[in-house]
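The values are calculated or read from the model by the stated rules, or taken from the named source; none is laboratory data. Quick caveat: nothing in here was measured; it's all calculated off a predicted structure. When we count neighbours, we look across all protein chains shown, and the Cβ atoms used for this are built from the backbone with ideal geometry, even at glycine.
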Amino acid sequence: MVTITKTPAPDDGPVSEKTFFGHPRGLATLFLTEMWERFSFYGMRALLPLYLIAGGPAAAAGSQGNGLAMSESTTLAITSLYMALVYLPCMVGGWLGDRLWGPRRTVIVAGCVIVAGHLLLAVPGLPPFFAGLALVAIGSGLLKANISTMVGHLYQGPDDPRRDGGFTIFYMGINLGGLLAPLIIGTIGQQVSWHLGFALAAAGMALGLVQFVVGTRHLGGGRDVVPEPVGRAELRTVLRTSGLWLAAAAVVSTALVLSGHFTMDMALAALALAGIAIPVVVLVRIKRDKDLDAGEQSRMSAYVWFFVAAAVFWMIYDQGASTMAVFGAKNTSGELFGFGFPSSWLQSANPVFIMALGPVFAWVWLWLARRRQEPTTTVKFAMGLWLIGVSFLVFVVPMAMSGGGAEVSPMWLVSIYLIQTIGELCLSPVGLSVTTKMAPLKYASQTMGIWFLAVTAGDSVASLLVLSGVKLGTTPVVGVEGALAVLAGLVLFLQRKRVESLGAGPAGPGRSSAPGSGGMATGVS
């Protein structure tokens, strides 16, 4: 429920006198925009693996047909790769907002691209399907980088006491959209028409875009500010370089198609390799920058540990929308306490747990901090890895129980999502916090983009594993993944002194001298 009250606005804040739960009125606009964007994204994501296998041998018995009838391995590869590519454009979106268009125009362009993508998904056929996926991924990446920046612009600098609370409210918008999407879009798509479900996702984003444009006057003067406008010469260089890369990709693709050697797996593998190579190249480029002082270099060395840990975490976590979603459709009873529901509803479990447990975790960290007992960032990351590993070790049990074709209770998946959510709350908000603390001043915005690229790297690894013949949806592989994540958490815990020592380099202006702890913040959602 939106509560609008009349209070005097800060002298240098937004012009509007109205507030949203005591926060700048523009927060309501951004809250609703992000809620509708996540509604469209998570609704489409809930349908994606089910639509890919529908009508094929891997589909659940009695499920709706009219899908793409792909194999389970291809379905898992495409879903993992799609999740990887969603976060890849975040750095491009940040660059467009900071250097070329400004945040507001970039969000409007991104919203239009997302709507177009969902509308293409609503059109039957393979070509519009892949074109739609590409547009939704590009638009989501462009929007995500800028809308979070606009939330920060609503407040009077980093010391505004309302700032953390504002991001918490914004975070609730993300999860509210993620909660409603599978219940509405998932039900319509899975039980009535896949393409109608995708069309509903387009309608959701369109609603978010309309209210963003209508409410843009509440966003203050920063909505159109280009912090560091790109010069003509630099813009020409960027366009020329981008054009050359695109032309090279087009030439190679055309040659492969004409020679008869082009396959879907080849295209997926190339994109997955790019999803791993790009984060590595960006990290290496920053690490080798001679303009960074010794303290910044040391903190970046520590940050590599956190990046790798996050990539391992997201590689398993995001299989909740692929491996676990397919298992839920094929091997769970679809009934709880006598109430039947479509398997896509299980995707709402994580947002429910986030909204319920997020404030609890924020309070627990503060309570422990007051007693000087709060775990360090490194220990929290290790806890996140342990929990995501344990979740897959638990997943082995229902997989083994369903080996003979038997159906298991959906509570198994709900329990696994609960464990994963607790792991997410140990790692994701804390990761955002440590990124802002350890980023070199020269690369403050780009380092935040690198944090999102950890998702890209992890999901790309999962996609490559499938393409190389590893069957992610089998009991032995799930068990090995869980054990390796637990082992990775143990290694990080044992190396915590070294990591914390690297992170405690000489602090620059506005920096913490060591990896700190994060409270409630917007996670990778």
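Taking the conditions (1) surrounded by fewer than 21 Cβ atoms within 10 Å (Cβ to Cβ); (2) over 22 Å from S428 (Cβ atoms); (3) assigned by TED's automatic domain parsing to the domain that holds A400; (4) touching a residue at least 60 places away in the same chain (Cβ under 8 Å) in turn, M264 satisfies each one other than (3).
In the stretch 281-296, the residues that are assigned by TED's automatic domain parsing to the domain that holds V308 reach residues that are among the polar types (S, T, N, Q) and at pLDDT 85 or above with C-beta atoms within less than 8 angstrom, at least six apart or across chains, in these pairs: K287/Q297; K287/S301. So, in the stretch 380-398, of the ones that are surrounded by 22 or more Cβ atoms within 10 Å (Cβ to Cβ) and among the aliphatic types (A, V, I, L, M), which residue ends up farthest from A483 (Cα to Cα)? Here the answer is A382.
Scanning the stretch 50-73 for residues that are touching an Asp or Glu at 6+ places or on another chain (Cβ under 8 Å) and at pLDDT 75 or above yields one hit, I53.
Yes/no matrix, rows are residues, columns are (1) in the same structural domain as A309 (by TED's automatic domain parsing); (2) assigned to a loop (DSSP other than H, G, I, E, B); (3) at pLDDT below 90; (4) not β-branched (V, I, T):
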site	(1), (2), (3), (4)
A356	yes, no, no, yes
P375	yes, yes, no, yes
M399	yes, no, no, yes
I419	yes, no, no, no
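Sort out which residues of the stretch 86-95 are more than 12 Å from G139 (Cβ to Cβ) and either in the same structural domain as S463 (by TED's automatic domain parsing) or assigned to a helix (DSSP H, G or I) (or both), and write them in order of number.
Looking only at the stretch 86-95, we keep the residues that are more than 12 Å from G139 (Cβ to Cβ), and these are 87-88, 91, 94-95.
Hits for the stretch 86-95 are Y87, M91, G94, W95.
Among the residues of this structure, L385 counts as one that is part of a helix (DSSP H, G or I), among the hydrophobic types (A, V, I, L, M, F, W, C), over 30 Å from P57 (Cα atoms) and within 19 Å of the chain's Cα centre (by Cα).
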